[in-house]
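Asks: Mind having a look at this structure? Questions to follow.
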Amino acid sequence: MEEASNQWTQKINYPFSAIVGQEKMKTALLLNVINPQIGGVLIRGERGSAKTIAVRGLADLLPGIEVVEGCRFSCDPKNISKMCSMCREAYEGGEKLPAVRRPMKIIELPVGTTEDRVVGTLNIERAITEGVKALEIGMLAEANRGILYIDNINLLDDHIMDVLLDAAAMGVNVVEREGVSVSHPASFMLVGSMNPEEGELRPQLHDRLAFHVDVKGIAGIQGRLKIMNQAMEFERDPIYFKKLYQESDREISENIIKAQKLLPRVTIKEKFLRIVARMCIELDVDGHRPDIIITRAAMARAAYEGRRTVTEEDMVFASELTLGFRMRRTPFEDAALGSSKFQQVLDLAKKHEAESERQKRRGTRKKAAPKTKGKKK
């Protein structure tokens, strides 16, 4: 079990900052680290477009989190609502929970994995007397308060996918065997990657991944030459190559920490909230989740760039990642929201908002205008 948890620390990952291009993909991942409540990322693209390399490189940038020392579920020692039963019992009993700091983890879930490996296994006899202590933890426990990564997520077994959907929705993993059930916290950021040529993703999981990023290989010859040269340098001496990008990786990591601290102080204008709402209405998206995701993502992007105020550029960037696959379409319509269509919807929303503000100003002026006195006869 420990071996699986440390899978990312036993290999030298390609530096995140050394990845050529793919800025939208990298930013989408970073925004989710800054605010995990955004809800994850789906990276769609052809083979060899650095999808998995980016996620693995992200592991070296993740900020530290406080966990209860010795807790198998990495419980937060200050948040009783998300503690396992053992930590909660100790906390409510007045016991001071020992805390240690460690980096967030990325746990990789292989496509061919079994249900027991994902949710954990339960010894029935021990479970009756010992409860959660009898649970042999699975990947959902290991990924709690971290990142769960699934390559080729579109090829994942339907039953395993159902388990993930339940855990992602509730933030809790429930293990049931022969009428005995044990639960533990399972709050994680879900990151998936896939090649659309190998099949599409189930609609239920589509909606559980906040961002969808389409990636393609670099078209320019200089960019492709740089990728080839860097790949050869990394293969020749990965330790030395990683040192070359150590400073730039550290800078990204420090920016993540700064952004997390700044995020609670970031504000967004009411005008932008109305534009987002108008766009979602115009595109006829399901539910209110897209509106909330866009708001969170725009604020996270502002924080990452060291600003306390969301700009229109932040809002547009977040909207492009969130809305494209959520708009309702006819059966044969392309799943992607084209840039021209998006711009049309954005322009229309801004036009309506500007007209609404003009009407408000006219109404305010009318109320403020002094009444004229009638002439005496």
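Read the figures in this text as sums done on the coordinates, not as results from a lab. Source: prediction; values computed, not measured. Cβ: placed from backbone, ideal geometry, glycine included. Neighbour counts: every protein chain shown.
Asks: What ranking do R296, R224 get, fewest neighbouring Cβ atoms within 10 angstrom at the top? Don't skip to the answer; put the middle values down first.
Replies: Numbers: R296 23, R224 14.
Ascending Cβ contact count within 10 Å gives the list R224, R296.
Asks: Another question, if that's okay. Quick check: Cα centre of segment 245-286 to Cα centre of segment 141-155, how many Å?
Replies: With segment 245-286 and segment 141-155 each reduced to a Cα centre, they are spaced 23 Å.
Asks: Starting from the Cα-Cα distance between S81 and E23, subtract it from 0.36 nm times their residue separation and give me the gain in nm to one decimal.
Replies: This chain segment gains 17.3 nm when fully extended.
Asks: What FRET efficiency comes out for the pair L165/I292, r = Cβ-Cβ distance, R0 = 22 Å, nearest 0.05?
Replies: Values: r = 19 Å, r/R0 = 0.85.
Once rounded, the FRET efficiency stands at 0.75.
Asks: Sticking with this one: On full extension of the chain, what length is gained from K350 through M232, given 0.36 nm per residue of separation minus the C-alpha to C-alpha distance?
Replies: That pair, K350 and M232, stretches by 37.6 nm at full extension.
Asks: Here's a follow-up. Sort K96, K105, K26 so the one with the fewest other Cβ atoms within 10 Å of its own Cβ comes first.
Replies: Placing the least packed residue first, the sequence is K96, K26, K105.
Asks: Moving on to the next point. Whole Å is fine, so just give me how far the alpha carbon centre of segment 299-317 lies from that of segment 177-228.
Replies: Segment 299-317 and segment 177-228 have Cα centres spaced 24 Å from each other.
Asks: Moving to a separate point now. Suppose the chain between V100 and I12 were pulled fully straight at 0.36 nm per residue; how much longer would it get relative to their current alpha carbon spacing?
Replies: Numbers: separation 88, 0.36 × 88 = 31.68 nm, distance 2.48 nm.
Additional length available on full extension: 29.2 nm.
Asks: Roughly how many nanometres apart are two label points built 7 Å out from the Cα toward the Cβ at V111 and R88?
Replies: The two pseudo-label positions are separated by 3.8 nm.
Asks: For E312 paired with E198, estimate the spin-label separation in nm (one decimal), with each label point 7 Å from Cα along the Cα-to-Cβ line.
Replies: Taking the two extended label points, one gets 4.1 nm.
Asks: Something else now. I'd like to compare 278-291, 42-55: which one has the highest average count of other Cβ atoms within 10 Å, and what's the full order after that?
Replies: 42-55, 278-291
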